[in-house]
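These notes concern the structure reproduced below.
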Amino acid sequence: MSKEICPCGSKKPYQYCCGKYLAGKATAETAEKLMRSRYTAFCKGNIDYLITTLHPDKRTPSDRAELTKTINNTQWLSLTVINTSKGKKNDSVGYVEFEAVYRVNELGQLHERSKFIKTDGKWFYVEGDILPGTIPKRNESCWCGSGEKYKKCHEV
Ligand SMILES: [Zn+2]
Ligand SMILES: [Zn+2]
């Protein structure tokens, strides 16, 4: 049995967290779980999962090529879920606000509020609003997760 910790930040073993969704053994019950599993799919390069969980109305013929490019260029380092609204088992719409830290040559921070819709009992990612990054105060810990103070790390 693998003891790999899930990349989504849950601190749970991968196979009991997003792994079961990526393997098709279970369906994400909430918008947050779907969001986390899509982040994990980006980390793992699971393009099929990213297309399957994208709302059918939002799919385009170039999805696979674009996802391949993103996955090849980006190293995903951490995910923090900041806020969720609706998206529970009995809802049909949900929103998840998150911050993800990644590296494309340089470190970057993605702060997004994603919208999810449930159709036929399955959650789908619809679209996301990109929000301004949350810049910490100089003496607070850096957003990159290094544990250093912001002023000693990624201050711009
Ligand atoms: Zn997970
Ligand atoms: Zn930093």
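Some points to look at:
- Subset of region 55-112 [under 16 Å from VAL126 (Cα atoms) and of a type in the set (Val, Ile, Thr)]: THR60, THR84, VAL93, VAL96
- Counted residues, region 16-42 - those being farther than 15 Å from THR52 by Cβ, over 9 Å from the mean Cα position of the chain (by Cα) and near ligand 1 (Cβ under 10 Å from one of its atoms): 3
- Residue in region 122-137 that is under 16 Å from THR53 (Cβ atoms), in contact (Cβ under 8 Å) with a residue 40 or more places away in the chain and not in a strand (DSSP E or B) present: no
- Tabulated pairs, region 7-29, first at negative phi and in contact (Cβ under 8 Å) with a residue 40 or more places away in the chain, second assigned to a strand (DSSP E or B) and within 12 Å of ligand 1 (Cβ to nearest atom), C-beta under 9 angstrom, 6+ apart or interchain: PRO7/LEU79; CYS8/LEU79; CYS8/VAL81
- Any hit, region 24-34, residues being within 16 Å of ligand 2 (Cβ to nearest atom), surrounded by fewer than 19 Cβ atoms within 10 Å (Cβ to Cβ) and among the hydrophobic types (A, V, I, L, M, F, W, C): no
- Of all the listed residues (SER92, SER37), the sole one being away from ligand 2 (no atom under 16 Å from the Cβ) and buried (at least 17 other Cβ atoms within 10 Å of the Cβ) is SER37.
- Residue that is more than 15 Å from ligand 2 (Cβ to nearest atom) and either under 18 Å from GLU32 (Cα atoms) or of a type in the set (Gly, Ala, Ser) (or both), where the choices are ILE130, ILE71: ILE130
- Residue check, THR80 closer than 19 Å to ALA28 by Cα, at pLDDT below 95 and surrounded by 12 or more Cβ atoms within 10 Å (Cβ to Cβ): yes
- Checking each residue in region 71-101 for being closer than 14 Å to THR40 by Cα and not hydrophobic (A, V, I, L, M, F, W, C) picks out THR74, GLN75, SER78, THR80, GLU99.
- Residue that is farthest from LYS58 (Cα to Cα), among those in region 84-121 that are free of Cβ contacts under 8 Å to residues at least 24 places away in the same chain and polar (S, T, N, Q): ASN105
- Condition check for LEU50 on (1) among the aliphatic types (A, V, I, L, M); (2) touching a residue at least 24 places away in the same chain (Cβ under 8 Å); (3) within 16 Å of ligand 1 (Cβ to nearest atom): one failure, at (2).
- Any hit, region 78-85, residues being within 24 Å of ARG103 (Cβ to Cβ) and of a type outside the set (A, V, I, L, M): yes
The values are calculated or read from the model by the stated rules, or taken from the named source; none is laboratory data. Only a predicted model underlies this, so the values are computations on that prediction, with no experimental measurement involved. Note that each Cβ is placed from the backbone with ideal geometry, even for glycine, and that neighbours are counted across all protein chains shown.
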